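First comes the structure, then the notes that go with it.
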Amino acid sequence: MNSIASRARQWAVGISALAFAATAAYGADTFRKPARTYPVGPHPCAIVAQDLNGDGKPEIVTADRGTLVNPRQEKPANDELSLLVAGEDLTYTRQTLRSGFAPYCIVVANIDGRKAPDLVVGSFHAARNRNITVFRNLIDNLVPVYFSVPDNRVGYERMADEDGRPIFTKPGITSLAVGHVDHDGYRDVVATGWASDVLVYLPGHAEDLLGPPRFIPAAGGPRDVELADLDGDGELDLAVTLYSVNEVGIWKGDGTGSFAEVDRFSSRDSLPHKIEVSDINRDGKPDLAVSHCYAGDSIVLFFGEGGLRFSVSQEILLADADDGRAAARQVLEHEIRDVLVEDLNGDGKPDIAAACAASGKVIVLFNESSDGALPLAFRRETYSFDGAAPQALCTADFDGNEKPDLAVALWGTGGDAVALLLAR
């Protein structure tokens, strides 16, 4: 990181404390919330929706992590996904898919080059080295192919028990991104190895689907990763939340599968968790949206300036506080577990949705900025789920009205489930 960039960033942080323009409108008019929910497996922590069988209706898949226990036990976590096969009139039939232990993240991508989209799943507590599972979609069947990340090639950087033994497995995959990195026609996978302070790159392969993993050092607890062309040179770069050091990291891609770390900067709060890439202010340059979990209720927008620079930022605090921003920063009211950036109301502007576990709410921030001038203005809608904790979000048109809906993965006292928020 050069000194000029550092000075620019310090200046931006100084002024961007004023850049909060989200209104506190609590109406809930854009979506309706049906009473029906759909049971899934224990502790779903990721969710995707995609038409997997070609009937025009999106299926829903959740990564059902279960409860994490000692990795040396025979079953240290759950090892199944829930596949909700869509029927008529918003009915779903639940099936299960077997993955590695503690499935933690899911991406939909056409890995095998066939007609139908596949599923790529990362497992956090992969005691049997089933770190990544690709479910090949044969239309009438999803066939698992398991991939291992050799744990003897990575270290362990996280918590240990009283005997000094790791309480998690290596590398501890928490997120995945899929894209054409090296231009060979096969989709490549990048994963965050949180427990081992590494990024794992698996190149696409014509016969084996994925080739042997390569490791990219990423000190600081890499938690979430996005693949995107951040500087406009036609090559995919990496944006990563570094959970343990409260930073965002940028790795520049060279188009061959190699990535070089070029910058790190403060995420402006503690425990940066999720990251999304989108042109939020519509200036033609990709921006970053970073949410924070457990320590604060903030989402920070970092606006791209070109050349991998993100020195201007805007902070959005979701917590309510009568005595102002300083008090709101000390309140952990919502506990953001997931964030999604999509145009949710069809006006061409990227909106933000947050799954909030502690408050039992999904908060949607609708982008109402007219010209992209900073700070951006947002209108807030809140959807409550009594007795449940929203954990993850995805979007699809579930009811066939050609409007984007939301699916919400819930942990609940009456059982874990998926709920829908349907666009009016």
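The values are calculated or read from the model by the stated rules, or taken from the named source; none is laboratory data. Keep in mind that what you see is a predicted model, and the values were worked out from it rather than measured. As a convention, Cβ positions derive from the backbone with ideal geometry for all residues, glycine included, and neighbour counts pool all protein chains shown. Heads up: the accessible areas ignore ligands, DNA and RNA and are worked out on the full protein's heavy atoms, side chains in. Shrake-Rupley method; radii C 1.70, N 1.55, O 1.52, S 1.80 Å.
Any idea how far the Cα center of segment 336-411 sits from the one of segment 243-304, in Å?
19 Å
Net charge within 10 Å of VAL40 by Cβ-Cβ distance, Lys/Arg positive one each and Asp/Glu negative one each, not counting VAL40 itself?
Net charge around VAL40: -2.
Run the count for the chain, please: Lys pairs, Cα-Cα under 30 angstrom, 8 or more apart or on different chains.
Count of close lysine pairs: 27.
How far apart, in nm, are the 7 Å Cα→Cβ label points at SER384 and ARG158?
For SER384 paired with ARG158, the spin-label model returns 3.4 nm.
Computed from the coordinates I sent, semi-axes √(5λ) of the Cα gyration tensor in Å equals one of (i) 53, 33, 15; (ii) 101, 25, 17; (iii) 30, 27, 22. Tell me the label.
(iii)
Could you tell me the accessible area of ASP79 in Å² (1.4 Å probe, neighbours in place), rounded to the nearest ten?
Rounded to the nearest 10, that gives 20 Å².
Could you report the chain's accessible area per residue, 1.4 Å probe, as an integer in Å²?
Numbers: 16670 Å² over 424 residues.
For the chain, the per-residue accessible area is 39 Å².
Expressed as a whole percentage, what fraction of the accessible surface of segment 69-128 belongs to carbon and sulfur atoms when a 1.4 Å probe is rolled over the protein heavy atoms?
That fraction is 42 percent.
What number, rounded to the nearest 500 deg cm²/dmol, is the helix-based mean residue ellipticity at 222 nm of the chain, given -39500 (n - 2.57) per DSSP H run of at least four residues and division by all its residues?
After summing the helix terms and dividing by the residues of the chain, the value is -1500 deg cm²/dmol.
Shape call for segment 228-299 from the C-alpha gyration tensor, a ≥ b ≥ c root eigenvalues: rounded (a/c under 1.5), prolate (a/b greater than b/c) or oblate?
Because a/c hits 1.5 or more and a/b fails to exceed b/c, segment 228-299 counts as oblate.
Just want the answer: with Cβ charges of +1 for Lys and Arg and -1 for Asp and Glu, which residue in GLY87, PRO404, ALA46 is farthest toward the dipole's positive end in the chain?
ALA46
To the nearest 20 debye, what charge dipole does the chain have about its Cα centre, counting +1 at the Cβ of each Lys and Arg and -1 at the Cβ of each Asp and Glu? Walk me through the numbers before you get to the answer.
Numbers: 39 positive and 62 negative charges, 166 e Å.
In total the dipole reaches around 800 debye.
Taking K and R as +1 and D and E as -1, what net charge do the other residues with C-beta under 10 Å from the C-beta of VAL85 add up to? Mind dumping the intermediate values first?
Values: positive: LYS57, ARG94; negative: ASP55, GLU59.
Charge balance in the 10 Å sphere: 0.
Out of every Cα pair in segment 378-424, what percent are spaced more than 18 Å from each other?
More than 18 Å apart: 36 percent of the Cα pairs in segment 378-424.
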